[in-house]
Amino acid sequence: MASAESVRSHSLELKKELGLRDLILTQIMYVVGTGWVGTAAKLGNQQIFFWLAAIAMFYAPQAAVVIYLNRRMPLEGGLYQWAKLGFNDFVGFLVGWNLWLYVILIVATFGLGIAASLGYALGSQELGGNKGFILLVTCSLVLFLTTVTTLGLGVGKWFQNAGGLGILLAFGTLILLPFLGLHRDSIRAYHPLALEAPAISLLSLNIFGKMSMGAFSGFEYVAILAGECKNPARNIGRSVLIASPIIALMFILGTSAVLAFVSPDQVDLVGPIPQVLTVALGRFRWVGLIAPVAIMLLVGRQIGNSTLSVAGSTRLPMVAGWDHLLPQWFSQLHPKYKTPVNSILFVGTMILVLSLLGITGVGEQEGFQILDNAAGVFYGISYLAMFALPILGLRHIQPAPPLWLRAAAASGFLVTLLYCVLSMLPIIQVASWLSFSLKIGGVIVGANLLGASLYWIEQRKRPG
């Protein structure tokens, strides 16, 4: 097992680009996905209760665990390093493998999302679904991401900061829309904090899982870049504390704004914010110009999110190479920019291949849903390991994690487990629920067997 000192030694070669301001904006940009307000809106006025439950049972525990682990181990590789040092090399490798698979699968769909948003902004939803246009957007995005990631975080952080500001402005616009509607008499009443008693069902639990693990996860991701942050032990934790209440308010008030204009059964789960902007502003000529601008801000967030996602996914093979768990080829740095250029080329190629496969399969809803659900479970597995660390791991660290932190981690673990189990179930009409679940299970087990095989093959090459 490579020591923390060895990781710090390798990290000395990396450029320290990210300060506290960058980290705060990056946390907001990465965590606040635009679709979750639509998912929560399906619950109607029950959404406030379930958001508060998600905050208490998952969001706050996640923030506490991330701050604690990062303060103890502020290392390049983040969650991979925490699992490796807190458990062992094998667990660390599989955690990093699942996190890497999640990012690759998600980023491979970003071209589709950006193309759809551009279609909304240009007033042509048909353009957003055109395969030729999607292909152009996807190839351009992969080329852009490969270039920016190679140039390093000195360039990438400006796209991430712009994405953070963009999502703040877009949500600010969304949250103000009901007040504009009241002023223009387009809506009769607006009660943003209306609370309704929850109805517990399989649907509400499924949505609760998505509001928790789906919407609120992500604080740990920036810690992958700890070796490229200024004072990571202090600043990453501070960024979590500052960003947390802002993100919670964005989700709660954003969902209320969606419900002010769209009934729960009519919510567009793919693009709820563009939908509301179009409904609320489309009837006003000059004010209607705000809608495409706000949609372009969301595109800016998607681009910034892509740069961060790819940056993190290229560092995971790099640090595994440091630990001799992958070939050293992945750890070679660009002589000028000090970025893992071989890892970047490999990740860029994987994203492009998966993106092209996705384009050819547009319309294959069940196949897309299987991969999308599997990606969520890959991320969930890495979170199960993170929450397990204060409970079962960290045996060599003294003093031991406090009891309150273990209790918080147990809550986060159970909510994540609920999310993983419910992700095995379809949310679209399929021929057989059992067949659908077995296919997802097969993808997850097969992928992890492949990861374990890669680990043991590389282990056998090591001397002694």
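The values are calculated or read from the model by the stated rules, or taken from the named source; none is laboratory data. This is a predicted model, so every value here is computed, not measured. For neighbour counting, all protein chains shown are included, and Cβ atoms are generated from backbone atoms with ideal geometry for every residue, glycine included.
Scoring ASN373 on the criteria (1) more than 15 Å from LEU112 (Cβ to Cβ); (2) modelled with pLDDT under 90; (3) surrounded by fewer than 21 Cβ atoms within 10 Å (Cβ to Cβ); (4) not hydrophobic (A, V, I, L, M, F, W, C) leaves a single failure, condition (3).
Note on the range 407-437: residues that are modelled with pLDDT of 85 or more and either surrounded by fewer than 16 Cβ atoms within 10 Å (Cβ to Cβ) or farther than 28 Å from TYR59 by Cβ (or both) total 4. With respect to being among the β-branched types (Val, Ile, Thr) and either out of contact with any Lys or Arg (no Cβ under 9 Å at 6 or more places or on another chain) or at pLDDT below 90 (or both), ILE236 falls outside the description. Selection of the range 122-145 for residues being touching a residue at least 60 places away in the same chain (Cβ under 8 Å) and buried (at least 20 other Cβ atoms within 10 Å of the Cβ) yields ILE134, THR138, LEU141, VAL142, LEU145. Criterion applied to THR307, THR339, THR314, THR349 was being under 22 Å from ALA108 (Cα atoms), among the hydroxyl-bearing types (Ser, Thr, Tyr) and surrounded by fewer than 21 Cβ atoms within 10 Å (Cβ to Cβ), and the one residue passing it is THR349. Taking ILE114 as the residue in question, decide whether it is in contact (Cβ under 8 Å) with a residue 24 or more places away in the chain and more than 25 Å from MET318 (Cα to Cα). The answer is yes for ILE114. In the range 392-406, the qualifying residues are those that are touching a residue at least 12 places away in the same chain (Cβ under 8 Å) and closer than 16 Å to MET57 by Cα, and the one that is surrounded by the most Cβ atoms within 10 Å (Cβ to Cβ) is LEU405.
Taken over the range 93-112, residues that are among the small types (Gly, Ala, Ser) and buried (at least 24 other Cβ atoms within 10 Å of the Cβ) amount to 2. Could you figure out which of (1) modelled with pLDDT of 90 or more; (2) out of contact with any helix residue (DSSP H, G or I) (no Cβ under 6 Å at 6 or more places or on another chain); (3) closer than 17 Å to ASN206 by Cα isn't true of LEU449? It is condition (3) that LEU449 fails.
Filtered by the rule that a residue be under 20 Å from the mean Cα position of the chain (by Cα) and outside any helix (DSSP H, G or I), the range 76-90 gives GLU76, GLY77, GLY78. Among the residues making up the range 195-221, those that are in a loop (DSSP other than H, G, I, E, B) and exposed (fewer than 14 other Cβ atoms within 10 Å of the Cβ) are LEU195, GLU196, ALA197, ALA199, ILE200, SER201. SER355 fails exactly one of the following numbered conditions: (1) crowded, with 20+ Cβ neighbours inside 10 Å; (2) modelled with pLDDT of 85 or more. What is the number of that condition? For SER355, the exception is condition (2).
I'm checking my understanding of the structure. Among residues of the range 227-242 that are surrounded by fewer than 24 Cβ atoms within 10 Å (Cβ to Cβ) and small (Gly, Ala, Ser), which one is nearest to the chain's Cα centre (by Cα)? It comes out as GLY237. You will find that of GLY312, GLY300, the residue that is of a type in the set (Gly, Ala, Ser), at pLDDT below 90 and in a helix (DSSP H, G or I) is GLY300 and no other. Among the residues of the range 315-338, those identified as within 15 Å of GLU228 (Cβ to Cβ) and either modelled with pLDDT under 90 or within 22 Å of the chain's Cα centre (by Cα) (or both) are ARG315, LEU316, MET318, VAL319.
When restricted to residues that are at positive phi and acidic (Asp, Glu), the range 207-240 contains 0.
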